[in-house]
Amino acid sequence: MTHEAGWAHAPGALRGPAWLQAPHDPNALVPHLWSTTAEKVDGELHVGGLAVPELVANVNTPAYVLDEADFRARARAFRDAFSDYDVFYAGKAFLCTAVARWVHEEGLSLDVCSNGELTVALRAGVDPARIGYHGNNKTLMELRRAVSVGVGRIVVDSFDEIERLASITADGMTSKVMIRVTAGVEAHTHEYIATAHEDQKFGFSITNGQAMEAVRRVLAVPGLELLGLHSHIGSQIFDSSGFEVAARRVLALQARISEELNVTLPEMDLGGGFGIAYTTQDDPSDPAQLATEMSKIVEHECRGLGIPEPRLSIEPGRAIVGPAMCTVYTVGTVKPVQLDGGAVRTYVSVDGGMSDNIRTALYDADYSCTLASRSSDAAPVLSRVVGKHCEAGDIVVKDEFLPGDVRPGDLLAVPGTGAYCRSMASNYNHALRPPVVAVRDGVARVVVRRETEDDLLATDMGDDQ
Ligand code: LLP
């Protein structure tokens, strides 16, 4: 039986969402969902020149496998395409000291959004001048640390924060800052909404005048140097129309600042949010195309407004680390469930779940997966990959065609899990958070080890004190 024939749908079989198709060859990968060194060799998934079944025989599952060459190549692609910009890798997507070092070595700057992320960046030896510090509620202590280590810029998000920075710099310290503004644009995937409605916690509104007031207040603090305005419009964005509207609104404010306050802001940050392919329905732009479009927009607007072009920066997180990682699980149980109407959905339970990837439960995110430990010619069945947590919504992959002979002990791998999976992992049900294993040129290195039971109990103080 050929693969094609083997993967024909049985009449009346459950088909899943309209976009989902049984792969033409289940023993091959859909390349644009995987990191560049990923391949199937006789049904086994290989990444970074290593056979994944062998790799996880050493580190156990679940495990995140991080393709170092892929990560570095994506970082470089952003750096090269946006060569006139500063590219800040958004550490919130995934950060550990090894990754912070790679980011630094590849010539990118690094965004952190918490004291913890700053600690990791400094521990990795990142030059503080190349660090941007975000957050809507930075404490006095956090700000004092950021200023005293000399972070390159603090992205200010509230009037309270301006007061805190004023009190810190009153001692003679100085800091460069940007002001995060709300451009009234919310972009998600293929759509953006541009309205005056700005009902969210980040930034100063341009429309109600708070952004202009924030500029005035920052300029009045002697220890603060205002670099420019910052705007971040959303996540998993596939086209530049949302950036266009945001850039137009931010630059219009920039022109007003120059006119009314006689101040030319030298920089502008357009944030992150560049989309990646989680399933075959996603078709992201490459960095070169994004760079061309964004530069054209800014150039055009600045010319129209008669202001000089600011030096631009962007903050991609997901687009660099997302596709560079996959998660490998072991199948534990396989349960066919009869649905209303008689169709059958196969529930495949794996040894992780919402504790290592909360995105499906939290955002209804779509993922795909593949059998990673062997080839199979069995006919496809619509499957749902679920975790082992005590919650019905503990789903990893909502819909995927997997070979009908998937069984306990098989390995499944889910691509595109580099961003916001390990970084949002939890100890729900006292799960041990999985390791991150970096692979490159046939060598594996555990860059984040698996948690142990001792780690779990380390903060449990008991009741016998
Ligand atoms: N810059 C700022 C100011 C941000 O708030 C973010 C993400 C980024 C850059 C990076 O965005 P990226 O290029 O990674 O999309 N947990 C959600 C995503 C939250 C994003 C928060 N901010 C998820 O899993 O989809």
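Summarising the label geometry, the points placed 7 Å from Cα in the beta-carbon direction at Glu163 and Asp286 lie 5.1 nm from one another.
Can you compute the FRET efficiency between Leu140 and Leu305 using 1/(1 + (r/R0)^6), with r the Cβ-Cβ distance and R0 = 35 Å? Round to the nearest 0.05.
0.40
Phi angles of segment 394-405 translate, via the Karplus equation with coefficients 6.51, -1.76, 1.60 and θ = phi - 60°, into HN-Hα couplings of 7, 10, 9, 10, 5, 9, 7, 7, 10, x, x, 9 Hz per residue; Gly and Pro are given as x.
The slack between Arg445 and Asp364, meaning 0.36 nm per residue of separation minus the straight C-alpha distance, is 26.0 nm.
Taking θ as phi - 60° and the Karplus parameters 6.51, -1.76 and 1.60, the scalar couplings of segment 175-182 work out to 8, 8, 9, 10, 10, 7, 10, 9 Hz in sequence order, x denoting glycine and proline.
Annotation for segment 67-175: GluC sites (Glu not before Pro) lying in DSSP loop with at most 10 further Cβ atoms inside 10 Å of their Cβ do not exist.
Derived scalar couplings between HN and Hα for segment 238-247 equal 10, 9, 8, 5, x, 5, 5, 5, 4, 4 Hz in order, rounded to whole Hz, by the Karplus curve 6.51 cos²θ - 1.76 cosθ + 1.60 (θ = phi - 60°), x for Gly and Pro.
Relative contact order of segment 376-428, taken over Cα pairs closer than 8 Å and 6 or more residues apart, is 33 percent.
If you take the square roots of the eigenvalues of the alpha-carbon gyration tensor of segment 16-175 and sort them as a ≥ b ≥ c, do you get rounded (a/c under 1.5), prolate (a/b over b/c) or oblate? Prolate, since a/c reaches 1.5 and a/b exceeds b/c. The C-alpha atoms of the chain define a longest principal axis, and helix 140-149 lies at about 80 degrees to it. Spin-label model, Ala343/Glu54: points 7 Å from Cα along the beta carbon direction are separated by 4.1 nm. Compared with the direct C-alpha span, the chain from Tyr428 to Ser83 gains 120.0 nm at full extension, assuming 0.36 nm per residue.
With the biggest extent put first, the Cα atoms of segment 68-321 measure 52, 44, 31 Å across the principal axes.
For the pair Val30 and Ala252, what calculated FRET efficiency results from E = 1/(1 + (r/R0)^6), where r is the Cβ-Cβ distance and R0 = 45 Å, to the nearest 0.05? Kindly include the intermediate steps, with their values, before the conclusion.
Numbers: r = 42 Å, r/R0 = 0.94.
The pair Ala252/Val30 has a calculated efficiency of 0.60.
If the segment from Leu261 to Val149 were pulled out straight at 0.36 nm per residue, it would be longer than the present Cα-Cα gap by 37.2 nm.
Where both partners of a DSSP beta bridge lie in segment 68-321, what percent of those bridges are antiparallel, to the nearest 5? Display every interim value, and only then the final one.
Values: 4 of 35 bridges.
Around 10 percent antiparallel, to the nearest 5.
Note on Leu219 and Asp377: the model spin-label points, each 7 Å out from Cα along the C-beta direction, lie 7.5 nm apart.
For the chain, what does the helix formula give at 222 nm: sum of -39500 (n - 2.57) over DSSP H segments with n ≥ 4, over the residue count, nearest 500 deg cm²/dmol?
On the way: 13 runs with 129 residues, N = 465.
Calculated mean residue ellipticity at 222 nm is -8000 deg cm²/dmol.
None of the figures in this text is laboratory data; all of them are computed from the coordinates on show. Quick caveat: nothing in here was measured; it's all calculated off a predicted structure. Reconstructed Cβ throughout: ideal geometry from the backbone, glycine too, with neighbour counts over all protein chains shown.
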